[in-house]
Amino acid sequence: MSKIIPDGARDSSGDLLPELSKSAKNMKMIRLLNTPAPSFTGKTPGSRFWTWVAFTAARRVRAVQFRTTHISGYENIPKDSGVLFSAWHTNGLIDALGIMLPNPKKFVMGGRHDLVTRPILGWWTRKLAVQPVVRKAELLRGGCSEEEATHLNGKTLLALSKGISHGFGCVLFPEGTSHDESHMIRFRTGPMRTVLAAAAISIGEDKPLPVIVPVGLHFRVRHHFRTDQWIEFGKPITIDKSDIPQQLVDAVKQGNWVEPPAEQVISLRDKLRPQLMRMTPNTSDWDDYRGIKLLAHIESNKMGRPLNSWKEEVVAARAINNSIKANQPVEDEETESKYITNKLSSIKHKAVVNAGKILEAHNLDGRDLNYKGLDLRRANLLKIPFALARLCIFLAVLPIAIVSLGFQVALGRLLGDSTDEGVDARTSFQFLAALFGSILAWPIAATAILSQMYSNSTAINKMIDFDIFTPLGTSQIEQFAAMVIIWFVLIISFFISGHICVRTWDDWNDFKKVISRLRMSKVQRQNLRGYLLTISKILADEDNGTLQR
């Protein structure tokens, strides 16, 4: 995967500017300014038909891309008011889709400017009325003038605010860019300004005030295919009518974008950030977070309550994280995650971090420990018959899978491994390859197969002793109807073969983990056992009251 070398450029606050990909640098201002505006008179801001097609296809792809998916907190999404959904941002397009696809709300959407100008993708996003945003990085790096950025962003934020005030949902990420950190980076003010303007519009039109719903986006390994995800909708943050000045209400009534008061923007930001921090790993680096997750597995196994799902693992790790940070004074919330390393290493003698590194180097984690948490576990032989049965089914459907999925897999691998967007964009490109591959390639493949079947119908009829094109009758209309049915059966077979393939892929990955456990070198195995034994002794001392966590 190509990687851009940072040039060290910083904004006025001293933060590093995101490196721009080739697509982000290519700003087509005329097309951006002519982006279709959303309409709020119907059930969707964009085309109702194309929105349904896009979301239906995306949900099918999501079901294949993730091994497990858990959604919680639906009760926190109000039905009678607009909602701004806000989360940390580490997984590109997948973050926004994770919030929107399982959501009962319809969405007015905004995103990076090139979403509406890319080939193929741009056509779809314009049908969905996605509104382009110019980030600070594009402006400061000379992608456009300040006047152009101000005009375009003002137009976009006003459109998003109107959509929220009309009861739609909207996803905005306060960090402003997707990143690789295990904790949140500095917040931008766009989401807070947008929802405050939406509140002003709601007041002017006598509608319910919108709320902000913080969202926890949890991925086991964000850039891996068939990883686990948990989408966590948190408690809503309300906006008081007294926080909205009358001059803002009057301005948005006239259809003009006016900046909300800085005091209200900062106050709302300070309410949102602590809630989101609790819904992220919030550690100094990923090694620390892996260590905390490993400790969660060891403690849970010790209590006889093994962690059987990704959600349980995240919740248990969060509890340990919170206990480590308890009564630890910090001067700045943004640097709070730095206390994890010092506190964790001083209590556990760096054992959990080092053990986590050994497991990570072998593509293993806390799930691969035995129930005592002192060594690697053995293989579960009871799974072998089921895996062999799935393998036989996979081999039977392999020809169909190659025809229907070969192009998507090759394209997704090529785009994901060659992008200059960074590792956080890898799954985004794989998702898009699968999505558009299904929509565009499957109909072509089904039509080509059907054409070959019709051309060789005589030979096929002799082989199976049945005319597959005349079960409904011999007239042209009846034969055409039979062909349509066969065409849809082919599409369904493509879909089923995809699900069979990914289940076989899961079995293959599980088998590789078994091999990794068996082939770990003696030195590494001894080191791992030593770290685990140290952790076990410290936990025993804590239980006896000789240590305090």
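The values are calculated or read from the model by the stated rules, or taken from the named source; none is laboratory data. Because the structure is a prediction, the values reported are computed rather than measured. All Cβ positions, glycine included, derive from the backbone under ideal geometry; neighbour counts span all protein chains shown.
Answer yes or no: is there a residue in region 287-299 that is small (Gly, Ala, Ser), in a loop (DSSP other than H, G, I, E, B) and either touching a strand residue (DSSP E or B) at 6+ places or on another chain (Cβ under 6 Å) or not assigned by TED's automatic domain parsing to the domain that holds Asp180 (or both).
Here is the first cut: in region 287-299, the residues small (Gly, Ala, Ser) are 291, 296.
The next check asks that each one be in a loop (DSSP other than H, G, I, E, B); those that pass are none.
There is no residue in region 287-299 that is small (Gly, Ala, Ser), in a loop (DSSP other than H, G, I, E, B) and either touching a strand residue (DSSP E or B) at 6+ places or on another chain (Cβ under 6 Å) or not assigned by TED's automatic domain parsing to the domain that holds Asp180 (or both).
Consider Pro399 carefully, then state whether it is assigned by TED's automatic domain parsing to the domain that holds Leu450, over 19 Å from Ser516 (Cα atoms) and either modelled with pLDDT under 95 or of a type outside the set (A, V, I, L, M, F, W, C) (or both).
Numbers: assigned by TED's automatic domain parsing to the domain that holds Leu450: yes; over 19 Å from Ser516 (Cα atoms): yes; either modelled with pLDDT under 95 or of a type outside the set (A, V, I, L, M, F, W, C) (or both): yes.
Yes; evaluated as a whole, the condition is true for this residue.
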Assess whether Ser536 counts as being within 25 Å of Leu369 (Cα to Cα) and of a type in the set (S, T, N, Q). yes
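Does at least one position in region 188-201 carry a residue that is more than 26 Å from Gly154 (Cβ to Cβ) and part of a loop (DSSP other than H, G, I, E, B)? Break it down stepwise before answering.
Our first condition is that a residue be more than 26 Å from Gly154 (Cβ to Cβ); within region 188-201, this holds for none.
Checked against the condition, which is being more than 26 Å from Gly154 (Cβ to Cβ) and part of a loop (DSSP other than H, G, I, E, B), region 188-201 yields no hits at all.
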Identify the residue in region 203-262 that is charged (D, E, K, R) and on the phi > 0 side of the Ramachandran plot and, among all such residues, is surrounded by the most Cβ atoms within 10 Å (Cβ to Cβ). Arg226
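Confirm whether Asp510 is in contact with a strand residue (DSSP E or B) (Cβ under 9 Å, 6 or more places away or on another chain), in the same structural domain as Leu405 (by TED's automatic domain parsing) and surrounded by fewer than 17 Cβ atoms within 10 Å (Cβ to Cβ).
Details: in contact with a strand residue (DSSP E or B) (Cβ under 9 Å, 6 or more places away or on another chain): no; in the same structural domain as Leu405 (by TED's automatic domain parsing): yes; surrounded by fewer than 17 Cβ atoms within 10 Å (Cβ to Cβ): yes.
It is false that Asp510 is in contact with a strand residue (DSSP E or B) (Cβ under 9 Å, 6 or more places away or on another chain), in the same structural domain as Leu405 (by TED's automatic domain parsing) and surrounded by fewer than 17 Cβ atoms within 10 Å (Cβ to Cβ).
For the subset of region 489-506 comprising residues that are more than 30 Å from Lys383 (Cβ to Cβ) and in contact (Cβ under 8 Å) with a residue 40 or more places away in the chain, which member is surrounded by the fewest Cβ atoms within 10 Å (Cβ to Cβ)? Spell out the reasoning first.
The initial filter retains those residues of region 489-506 that are more than 30 Å from Lys383 (Cβ to Cβ), namely 489-491.
Then keep just the ones that are in contact (Cβ under 8 Å) with a residue 40 or more places away in the chain; that gives 490-491.
Details: Leu490: 22, Ile491: 15.
Per the criteria, the residue is Ile491.
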Pairs please, first residue from region 171-186 and farther than 16 Å from Val134 by Cα, second anywhere and part of a loop (DSSP other than H, G, I, E, B) and of a type outside the set (Val, Ile, Thr), Cβ atoms under 6 Å, 6+ apart in sequence or on different chains. Ser182/Pro281; Ser182/Asp285; His183/Asn282; His183/Ser337; Met184/Trp88; Ile185/Glu175; Ile185/His179; Arg186/Asp15
What residue, of Ser521, Ser516, Ser475, is surrounded by 14 or more Cβ atoms within 10 Å (Cβ to Cβ) and either at pLDDT 95 or above or of a type outside the set (A, V, I, L, M, F, W, C) (or both)? Ser516
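This table checks each residue for (1) within 29 Å of Cys392 (Cα to Cα); (2) over 31 Å from the mean Cα position of the chain (by Cα).
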site	(1), (2)
Arg426	no, no
Gln430	yes, no
Ala441	yes, no
Asn461	yes, yes
Phe480	no, yes
Phe495	yes, no
One residue is enough: does region 457-472 have a residue meeting the conditions touching a residue at least 12 places away in the same chain (Cβ under 8 Å) and either within 27 Å of Val61 (Cβ to Cβ) or assigned by TED's automatic domain parsing to the domain that holds Phe219 (or both)? no
Identify all residues within region 507-524 that are in contact (Cβ under 8 Å) with a residue 12 or more places away in the chain and outside any helix (DSSP H, G or I); write none if there are none. Met520
Which members of region 525-549 meet the condition of being at pLDDT 90 or above and either surrounded by fewer than 12 Cβ atoms within 10 Å (Cβ to Cβ) or not in a helix (DSSP H, G or I) (or both)? Gln526
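Report whether or not Asn308 is in the same structural domain as Asp365 (by TED's automatic domain parsing), modelled with pLDDT of 90 or more and assigned to a helix (DSSP H, G or I). If you could, list the steps in order and put the result at the bottom.
Details: in the same structural domain as Asp365 (by TED's automatic domain parsing): yes; modelled with pLDDT of 90 or more: yes; assigned to a helix (DSSP H, G or I): no.
Spelling it out, it is not the case that Asn308 is in the same structural domain as Asp365 (by TED's automatic domain parsing), modelled with pLDDT of 90 or more and assigned to a helix (DSSP H, G or I).
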